[in-house]
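Quick notes on the structure that follows.
The values are calculated or read from the model by the stated rules, or taken from the named source; none is laboratory data. In this text, all values refer to a predicted model and were calculated from it rather than measured experimentally. Backbone-built Cβ (ideal geometry, glycine too); neighbour counts: all protein chains shown.
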Amino acid sequence: MTSRYRVEYQLKSHRRDELIEWIKGLLAVPFVLHADAENHLRTTNEANFQSTDSLSSLPQRSFDKLEDQVAMECQKRYAEVFRDVEKLIDRTIYIDKLNEGLIVQHPESRLRKLVPSVGKFFTSLPLVEAFLIEDERRFISRRRLVSPSFNDVRIILNTAQVLALTKIYDLDNHKADRLKLITFDGDVTLYEDGQNLTPDAPVVERLMKLLKLNMFIAVVTAAGYPGKSGAENYYYRLKGLLDRIKESDELTDVQKENFFVMGGESNYLFRYNVRAGKLVFIEADEWYPPLMALWSKFKINYIMDSTYEHLLLLQKRFDLVDNTTIIKKERSVGIIPNKGYKILREELEEMVLSCSNKLNDILTKLSSDLFSIDTVSDHQERFTRRNSLVELTQDENIRVCAFNGGQDVWVDIGDKALGVELLQKFLCREELLQSCPILKSESLHVGDQFASVGANDYKARLSACTAWIASPRETVAILDDLIARMEDIVN
């Protein structure tokens with residue numbers, strides 16, 4: 001069973017993160033060479049070591065001392081790996097800055113040659129310091145049979161990002177580089193999958209503390225509820241936090257109104273309003289950028305219609321017609337299980353990959369083929385391919401994402417990279433605001449979906465620093481670290 005899982009996992013490159021896997025591979029070498037206590041005893045005391053000697057023959061005090069020596073050696077070797085990776089990241093940041101605005105680019109960094117999929121780093125990452133912190137918590141250096149894991153590296157990267165963001169924090173200088181905006185996914189990040197944010201959820205208290213520290217806080221979620229009526233739907237999902245904000249005597253009115261919800265990835269914006277005592281819908285013309293204003297409604301309808309038809313095909317292929325429902329909204333379409341049924345993980349992965357491929361085909365067709373808009377009998381527009389008609393322009397650049405929600409699959413117009421970027425710009429639409437501009441290096445997105453395909457938090461890496469968590473409990477842990485370090489600076 002284990003072997004079969006490992007084989008399948010190796011084949012599923014879309015579920016892996018190449019940087020984390022690469023660092024994990026680097027750490028495997030010192031683990032193999034230095035985590036063996038008996039080998040350490042042999043190499044450090046070779047003159048007195050007999051072939052019949054073993055750890056079991058050592059007195060307890062000597063054994064404990066040996067364990068400490070091996071742990072220290074492993075910690076030293078692991079730290080060396082993280083120090084070298086830290087230098088590679090710093091070099092990558094340096095080359096990226098040199099290349100900004102240049103026609104003739106400098107050669108790519110060594111890290112990008114080794115890990116071609118690595119994205120842009122908005123801050124340095126103090127990996128050695130982060131490793132030492134997590135080593136105390138997770139006893140990585142004291143493990144003898146289990147090498148540093150994917151989760152170990154993921155959490156170390158999270159801690160390094162928190163350290164980097166708090167090191168630049170300057171309370172007295174509003175214009176200085178500092179953390180200003182924190183965005184969160186909903187399901188699995190703030191609350192368990194399919195659940196809601198309750199008043200007793202531990203993360204609520206942490207979010208209140210962040211608001212008190214004058215942070216802009218936003219939930220950037222795939223859940224899309226358009227229009228003024230959507231505020232009620234988001235209230236139901238976030239009731240525990242919204243009630244606390246309304247009842248709080250500790251937060252100022254300004255701090256309360258620093259809470260936002262960006263729904264449908266990047267389509268619907270809501271802000272807490274003190275006078276109304278609830279979330280208020282913000283009309284699109286107040287925050288839609290020219291980019292989104294250019295998006296053709298006809299193109300969007302074509303994408304949604306084509307994806308809907310493709311999901312119907314997949315529904316039939318996997319014999320899911322009786323057990324699932326396909327939902328089509330204004331800017332999203334998805335397949336969800338009926339009550340009491342669970343779609344297999346492999347089927348979810350197949351569908352999200354298939355939808356991603358279909359979207360690539362659709363977008364290629366929209367940008368290269370010739371289309372006209374016909375009006376059908378029910379007065380709805382549709383696209384028809386014609387060889388003799390004018391080509392639709394490519395200046396609209398509609399963004400689309402397909403993702404696996406854990407229990408369902410959705411295709412949305414827009415993505416979280418755009419959602420976070422729009423928040424950064426909306427908050428600074430008034431140039432007099434002291435905290436503006438809000439840079440990517442001053443923003444943090446916390447989410448659970450960062451696999452390369454089928455995960456909607458992945459694209460947020462283009463617009464902000466990120467923390468990859470696996471549960472609401474991890475969200476609480478990372479916020480505790482963040483708040484503790486920020487409060488130390490404040491005090």
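Brief remarks follow.
- Residue-level analysis places Arg237 outside the set of residues that are touching a residue at least 60 places away in the same chain (Cβ under 8 Å), within 22 Å of the chain's Cα centre (by Cα) and closer than 20 Å to Leu423 by Cβ.
- Only one of the numbered conditions (1) touching a helix residue (DSSP H, G or I) at 6+ places or on another chain (Cβ under 8 Å); (2) buried (at least 18 other Cβ atoms within 10 Å of the Cβ) is not met by Val321, and that is (2).
- Output for segment 248-260, where each listed residue is in contact with a helix residue (DSSP H, G or I) (Cβ under 8 Å, 6 or more places away or on another chain) and surrounded by 16 or more Cβ atoms within 10 Å (Cβ to Cβ): Leu251, Gln255, Lys256, Asn258, Phe259, Phe260
- Number of residues in segment 95-112 that are among the hydrophobic types (A, V, I, L, M, F, W, C) and not in a loop (DSSP other than H, G, I, E, B) equals 3.
- Residue list for segment 113-127, filter: in a loop (DSSP other than H, G, I, E, B) and free of Cβ contacts under 8 Å to residues at least 40 places away in the same chain: Phe121, Leu125
- When Glu108, Glu86, Glu67, Glu80 are checked against the criterion of being among the acidic types (Asp, Glu), at pLDDT below 95 and under 34 Å from the mean Cα position of the chain (by Cα), a single residue qualifies: Glu108.
- Residue check, Ala222 among the small types (Gly, Ala, Ser), crowded, with 22+ Cβ neighbours inside 10 Å and assigned to a loop (DSSP other than H, G, I, E, B): yes
- Considering residues of segment 261-301 that are closer than 24 Å to Val411 by Cβ, aromatic (Phe, Trp, Tyr) and touching a Leu at 6+ places or on another chain (Cβ under 7 Å) only, the residue surrounded by the most Cβ atoms within 10 Å (Cβ to Cβ): Phe270
- Residue in segment 262-281 that is outside any strand (DSSP E or B), polar (S, T, N, Q), more than 22 Å from Val446 (Cα to Cα) and assigned by TED's automatic domain parsing to the domain that holds Val409 present: no
- Test: residue in segment 351-359 that is surrounded by fewer than 17 Cβ atoms within 10 Å (Cβ to Cβ), at pLDDT 50 or above and not in a strand (DSSP E or B): yes
- Subset of segment 302-315 [of a type in the set (A, V, I, L, M) and surrounded by fewer than 16 Cβ atoms within 10 Å (Cβ to Cβ)]: Leu312, Leu313
- Answer residue from segment 427-442, given it is modelled with pLDDT of 75 or more and either within 14 Å of Met215 (Cβ to Cβ) or out of contact with any helix residue (DSSP H, G or I) (no Cβ under 9 Å at 6 or more places or on another chain) (or both) and is surrounded by the fewest Cβ atoms within 10 Å (Cβ to Cβ) among those: Cys428
- Qualifying positions in segment 325-335 - of a type outside the set (Gly, Ala, Ser) and either touching a Leu at 6+ places or on another chain (Cβ under 9 Å) or closer than 19 Å to Gly227 by Cβ (or both): Ile326, Ile327, Lys328, Lys329, Glu330, Arg331, Val333, Ile335
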